[in-house]
Amino acid sequence: NFHLKPEKWWHTLQKSLGLDTDINFEENPEFSEKFWLKGDFEELIRQQFTPELQGFLTERPPAQLEGTNYYLIGYKPKKKMEADEAIWFYRHCLEIVALLQQKKGEALLKLAELEKVKEVKLHD
């Protein structure tokens, strides 16, 4: 599971106060400063967010992305899109999916499923 959204001033404040952190990439400070990226499986997320994907997102950012199980959701909170913008946004999200598939992004999803199975077994 991961959540990517634009990094705001309050995220920076949270980090400086030690209240919360996100996943940053030392090799790409522009991406790290632009986005607040969080997720359950940091190492796997780091593998999937390749320099190519980071560059794509930095140049053409989505509003927000969430990946969970077998789903990738791209959306613009509190914003109604006109038809032309919605079509562009849909195509943009398809490009992101293609970049994730190049790096076998489904590995994130498979790991999430394994964790669910572990949780169920622990509770039995």
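Observations on the structure shown:
- The set of residues from the stretch 71-110 being modelled with pLDDT under 55 and surrounded by 15 or more Cβ atoms within 10 Å (Cβ to Cβ) comprises Gly105, Leu108, Leu109.
- Residues being among the polar types (S, T, N, Q), surrounded by fewer than 17 Cβ atoms within 10 Å (Cβ to Cβ) and modelled with pLDDT under 90 - total across the stretch 44-63: 1
- Residue in the stretch 9-25 that is out of contact with any Gly (no Cβ under 8 Å at 6 or more places or on another chain), on the phi > 0 side of the Ramachandran plot, of a type in the set (S, T, N, Q) and modelled with pLDDT under 85 present: no
- Against the list (1) free of Cβ contacts under 8 Å to residues at least 60 places away in the same chain; (2) surrounded by fewer than 17 Cβ atoms within 10 Å (Cβ to Cβ); (3) in contact with a helix residue (DSSP H, G or I) (Cβ under 8 Å, 6 or more places away or on another chain); (4) not basic (Lys, Arg), the condition Thr68 fails is (1).
The values are calculated or read from the model by the stated rules, or taken from the named source; none is laboratory data. Bear in mind that the values here come from a model prediction, so they are computed numbers and not experimental data. Note that each Cβ is placed from the backbone with ideal geometry, even for glycine, and that neighbours are counted across all protein chains shown.
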